[in-house]
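Enquirer: This is the structure, below, for whatever I ask next.
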Amino acid sequence: MVVLEFFLVLLTMNQVMPQPKRGNKASSKTSLQGRVLQLGNQEQSISIPGMPSVNISLLEQSLKPTRNSTLALLPEQKTSEDMRLYLLKNTLVTCNDGTTAGYYIREAKASKRWIIFLEGGWCCYSKETCDVRYKNAKRLMSSSDWPKTRRGTGILSARPEENPHWWNLNAVFVPYCSSDVWSGNISKSKNDYAFMGSAIIQEVIRELVPKGIKQAKSVILAGSSAGGTGVLINIDRVASLVEEMTSNTVQVRGLVDSGWFLESKHGKSDCMDGASCALTDAIKKGLKLWNGALPEKCRQHFKREDEWQCFYGPKSYTSMKTPIFVVQWLYDVEQLRIENIQPDFQFMTAHQWNNIQSIGRELKKSLREVPAVFAPGCFSHTLIIASNWLEFQVKGVTLSRALQCWTKSLQDRKSPKTVIRGCPFHLIDNCQWPHCNPTCPALHDPVTGQEVTLLQMFLRLSIENQRRGQEPKGDMNQLMAMLRNGG
């Protein structure tokens, strides 16, 4: 009670500052992948007779990048920043509904560096879940309505001020239309839907040969969310394919954004959608339906019935040969949803708050032995193709700078764990409180829409839980020090 009174006095005296503003322009964006994280949301549900209601919040999140210009639709006039759509010449490699898969590319003839980005957007793992997905998120299952051009942002941007180190390389964006976490290898003729995610990646790379990938010096396979998990599953196969087609000096690497999931401890087993379903149950069901192609070395570590574990970063990484860089919010909102925790602090209990802290600790522990990491202690999901990706820092270092340092260490042919002086790339926030990083995306009250500081959030939680005789755990001295520093 003394602590609560002390906080109230501080609020009254205006001695605790809110999170620093990071520019009016950036503040106007309202995407989980961008500037703002809404505290709580109204989630749309769909009912299927005889089955549980289906929450499609994950599908809606996957659609937000297009709506919020993370990879924006272009004006009619083509510019040098445009990425042009190519449907695959091999029409047997398809999206879920049998339409031909494809990719967008912005070519840089003078560059021998390539980045190939895999889009995210969860998955479906039964006829019922796929039917619902097709009805409500058709573009994630079909190429029929894809625009002819797009413009990349974040690490795919062609603007030096937005993407200082990779603006002038060959950029490829592969739309997600296989609903299989980029693992499937089965055609529509054998199923109600095709699941060919792994085959799409392989075919895209083969079709990039006439466009110059054969002369590549470096190739990065990147992805966000399900696309990030797709990188984990496919990176060694991609490395082998690229090395076969190019010179022996080519460097293949992986960039995993918000795809490093932990196995759920609290997710529901009887469910229809990603927001309430344990990821393990979805993967187990889907793996059979998709005829999933998993990394061979990882599969060898598990019995056949346990091969689904290769979808989890901590499990697949140990047998991985290709270097990867992991970008992971320590309090990833999709990991929280998998654990049945909604990021709505109006109604959160102390038990849920303590579970969130536990998830953050587990993520930190799982990343400890990964040499290249960027892990801010924030509530959010996905980062690398957000237009404001340069705003976020860990220990004073931006992700762009960390990636540059990692790339330099690999070019110098040093050990993956060798850190160049003054150029770090193993960056994990070490404060124990969720949203402790002062560069975290702003939190907003779901009712008023106003920005909420960490102190206000904690006060609301404390007041509610004192009524219940509960108390959130944590070092109060550390929290106060962080708040004095602008957190």
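Enquirer: Could you pull out the pairs from Lys315/Lys395; Lys285/Lys365; Lys135/Lys321; Lys217/Lys284 whose alpha carbons sit more than 30 Å apart here?
Expert: Correct reply: Lys135/Lys321; Lys217/Lys284.
Enquirer: Moving on to the next point. From the cross-link list Lys89/Lys188; Lys89/Lys127; Lys148/Lys211, which pairs have alpha carbons spaced over 20 Å apart?
Expert: With Cα atoms farther than 20 Å apart: Lys89/Lys127.
Enquirer: By how many nm would the segment from Glu451 to Tyr86 lengthen if fully extended, with 0.36 nm per residue of separation less the alpha-carbon distance?
Expert: 127.2 nm
Enquirer: Let me ask you something else. For Cys378, list long-range residues whose amide hydrogen, built 1.01 Å from N in the peptide plane, is under 5 Å from its own amide hydrogen.
Expert: Distant-sequence amide H within range of Cys378: Leu330, Tyr331, His435.
Enquirer: Give a residue-ordered list of calculated ³J(HN,Hα) values for the range 159-166 (Karplus: 6.51 cos²θ - 1.76 cosθ + 1.60, θ = phi - 60°; whole Hz; x for Gly, Pro).
Expert: 9, x, 5, 9, 9, x, 10, 10
Enquirer: Tell me, what is the per residue accessible area of the range 74-147 in Å², probe radius 1.4 Å?
Expert: Value for the range 74-147: 45 Å² per residue.
Enquirer: Taking H placed 1.01 Å from N in the peptide plane, check which residues at least 5 places from Ile324 or on another chain put their amide H under 5 Å from its amide H.
Expert: Hits under the 5 Å cutoff: Gly254.
Enquirer: Using modelled backbone amide H atoms (1.01 Å from N, in-plane), which distant-in-sequence or interchain residues come within less than 5 Å of Ile420's amide H?
Expert: none
Enquirer: Still on this structure: Using a 7 Å offset from Cα along Cα-Cβ at Glu296, what residues in the range 172-210 end up with backbone N under 12 Å from the label point?
Expert: No residues fall inside that zone.
Enquirer: In the range 82-199, what percentage of the DSSP-assigned beta bridges are antiparallel, given to the nearest 5?
Expert: DSSP beta bridges in the range 82-199 are roughly 70 percent antiparallel.
Enquirer: Using R₀ = 22 Å, calculate the FRET efficiency as 1/(1 + (r/R₀)^6) where r is the Cβ-Cβ separation of Asn354 and Thr318; round to 0.05.
Expert: Result of the calculation: an efficiency of 0.15.
Enquirer: Related question: Specify the inter-centroid distance of the range 307-346 and the range 82-142, based on alpha-carbon positions, in whole Å.
Expert: 23
Enquirer: Listed highest first by mean packing, meaning other Cβ atoms within 10 Å per residue, what order do 183-189, 114-120 come in?
Expert: 114-120, 183-189
Enquirer: Sorted by average packing, counted as other Cβ atoms within 10 angstrom per residue and highest first, what order do 371-380, 221-230, 388-397, 431-440 take?
Expert: With the highest mean Cβ count within 10 Å placed first, the list reads 221-230, 371-380, 431-440, 388-397.
The values are calculated or read from the model by the stated rules, or taken from the named source; none is laboratory data. Just so we're clear, the structure is a prediction, and the values are computed from it rather than from any experiment. Because the Cβ atoms are built from the backbone with ideal geometry, glycine has one as well, and the counts that use them run over all protein chains shown. Keep in mind that these areas ignore ligands, DNA and RNA; they rest on the heavy atoms of the full protein, side chains included. Shrake-Rupley method; radii C 1.70, N 1.55, O 1.52, S 1.80 Å.
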